[in-house]
1. Could you please find all residues in the range 211-229 being more than 12 Å from the ligand (Cβ to nearest atom), under 15 Å from Y167 (Cβ atoms) and not in a helix (DSSP H, G or I)?
2. Say whether the condition of being crowded, with 22+ Cβ neighbours inside 10 Å and in contact with a Leu (Cβ under 8 Å, 6 or more places away or on another chain) is met by at least one residue in the range 130-143.
3. Would you be able to tell me the number of residues in the range 191-210 that are in a helix (DSSP H, G or I) and over 15 Å from G151 (Cβ atoms)?
4. Return yes when A74 is surrounded by 15 or more Cβ atoms within 10 Å (Cβ to Cβ) and of a type in the set (G, A, S) and no when it is not.
5. Condition first: among the β-branched types (V, I, T), under 16 Å from the mean Cα position of the chain (by Cα) and within 16 Å of V17 (Cα to Cα). Now tell me which residues in the range 32-72 satisfy that.
6. Please enumerate the residues belonging to the range 90-111 that are exposed (fewer than 15 other Cβ atoms within 10 Å of the Cβ) and either free of Cβ contacts under 8 Å to residues at least 40 places away in the same chain or away from the ligand (no atom under 14 Å from the Cβ) (or both).
7. Given the criteria closer than 24 Å to A224 by Cα and more than 16 Å from the ligand (Cβ to nearest atom), does E141 qualify?
Amino acid sequence: MSRTPFVAGNWKMFKTVGDAEMFISGLLPLVSSTEGIEVAICVPFTTLGAMVDSTRGSRVQVFAQNMHQEAEGAFTGEVSAPMLSDLDVHGVVLGHSERRELFGETDAALAEKVPAALEAGLRVILCCGETEAERDAGEMETKLRRQVEAGLSQVPAGRLADVVIAYEPIWAIGTGKVATPEQAQEACAFVRGVVAGIDPAAAEAVRIQYGGSVKPENTAELLALPDIDGALVGGASLDPASFAAIVEAGRS
Ligand code: PEP
């Protein structure tokens, strides 16, 4: 099955509205004629509205970086899926390792967040990945299976393929250490196998991104691998020229 490649930039906690406007006015002309690939930027809550407005009618989708599983309630400081939809946001990244490790995001919460996002009409990138210690201890597969099965556990049948899964080895995030093509392919094939254990047809359709020190120079090699359908890009997505070069390199 041919799967449309999908490259998403994760800005993390970078860029004011002014910085974001400067970025997008640089990016749009660089990617406007790039066919055969989907493109998203995952931006801080404060820049969502401005980025939705500035990208309207373009090929760039705007994603949030987190949300609460409930639609509304007494959850000070939180933002819900219907609130994101109301802003015309396209999707949300869920379960990034920084949220899991620094802010206590749990598999139990993610099991509720993923279907809540889909229900509100948002697209989802669900992240998974192992630490270096887990990889060295031979625990990578157990960890990936647990994270993927939990995140997909309450997704209605027929919606599984709407979830994009990002495999991001934690030891490769922001470190400049990229997984080798063999490591990245092996892990992404394993993730696809976990999805196949739930629904074989969905496994063929589901898109799996690799994330971890993706740069313009290593994108083509990684995205050519059979089970890698895109990239989740941190640092190299902050500059329009570098992000556009990754999009160009990732085209099918
Ligand atoms: C990320 O933030 O998801 C990421 C992969 O970061 P970087 O590309 O900087 O390693």
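1. Across the range 211-229, the qualifying residues are L225, P226, D227, I228, D229.
2. Yes; the residues of the range 130-143 include at least one that is crowded, with 22+ Cβ neighbours inside 10 Å and in contact with a Leu (Cβ under 8 Å, 6 or more places away or on another chain).
3. 6
4. Values: surrounded by 15 or more Cβ atoms within 10 Å (Cβ to Cβ): no; of a type in the set (G, A, S): yes.
So A74 fails the test.
5. I41, V43, V62
6. So the first thing to find is which residues in the range 90-111 are exposed (fewer than 15 other Cβ atoms within 10 Å of the Cβ), and the list is 101-104, 106, 108.
Those that are exposed (fewer than 15 other Cβ atoms within 10 Å of the Cβ) and either free of Cβ contacts under 8 Å to residues at least 40 places away in the same chain or away from the ligand (no atom under 14 Å from the Cβ) (or both): L102, F103, G104, T106, A108.
7. yes
Table: residues versus (1) surrounded by 22 or more Cβ atoms within 10 Å (Cβ to Cβ); (2) more than 16 Å from the ligand (Cβ to nearest atom).
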position	(1), (2)
A161	no, yes
T175	no, no
R207	no, no
V233	yes, no
E248	no, yes
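The values are calculated or read from the model by the stated rules, or taken from the named source; none is laboratory data. It should be emphasised that the depicted structure is a prediction, and the values quoted were computed from it without experimental measurement. Every residue, glycine as well, gets a Cβ built from its backbone with ideal geometry; the counts of neighbours run over all protein chains shown.
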